[in-house]
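Computed from the coordinates by the stated procedures, all read-outs in this text should not be read as laboratory data. Quantities reported herein were computed from a predicted structural model and do not represent experimental measurements. Reconstructed Cβ throughout: ideal geometry from the backbone, glycine too, with neighbour counts over all protein chains shown.
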Amino acid sequence: MSEQTSLNDQIRDALDQVNATLGGSGRNILEAAAYQAMAQALALGLQNAVAQQQHAYMLRNALTTAAAQAILEGKREEASEVLKLAESKLVNPSLSDALAEARTALRALREELKRSDDPVNSSSSATSAETE
């Protein structure tokens, strides 16, 4: 039993030392963690957007091949429909749309961090939220 108590005292002492070292920087660490998480999510989103573009390129190649085959077989209407599908938004994802969504998310995070950092705004927004 005495070993367990001394271990707990050591853990408490370590936590006290960490708290003393960090001092008032807890807010900065929280903000850094939020930005780190957002950066990782943004990087993953951009990787997904690039992969989506690569897959769309392969799909457009397949559709072009199908349209060429239909033309060779004399099926012009079918070839026309396949080419219309190849140009659709479903097959051609927009990287600029993905970037705009990421930019919007970053702005929202920045505004939220500014709002929570400013004690005047956070108290007035809490008051307005309570009245609604």
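Where in segment 75-114 does the label zone of Gln53 land, with the point 7 angstrom along Cα→C-beta and an amide N cut-off under 19 Å? The answer is 87-104. Cα centroids of segment 95-118 and segment 12-79: 16 Å apart. Listing Glu77, Glu31 from fewest to most neighbouring C-beta atoms within 10 Å gives Glu77, Glu31. Note on Leu46/Leu85: beta-carbon distance plugged into 1/(1 + (r/R0)^6) with R0 of 25 Å gives a FRET efficiency of 0.40. The phi-based Karplus calculation (6.51 cos²θ - 1.76 cosθ + 1.60; θ = phi - 60°) puts the 3J(HN,Hα) values of segment 95-101 at 5, 5, 5, 5, 5, 5, 5 Hz, whole numbers, x for Gly and Pro. Summing charges over all other residues whose Cβ lies under 12 Å from the Cβ of Tyr35, with Lys and Arg as +1 and Asp and Glu as -1, gives -1. Cβ-Cβ distance of Leu99 and Glu31, R₀ of 25 Å, FRET efficiency by 1/(1 + (r/R0)^6): the value works out to about 0.60. Altogether, the Stokes-Einstein calculation at 25 °C and 0.890 mPa s, with the Kirkwood radius of segment 26-117 over Cα pairs as Rh, returns a diffusion coefficient of 152 µm²/s. Phi-derived couplings, Karplus 6.51 cos²θ - 1.76 cosθ + 1.60 at θ = phi - 60°, listed residue by residue for segment 79-86: 5, 5, 5, 5, 5, 5, 5, 5 Hz, with x used for Gly and Pro.
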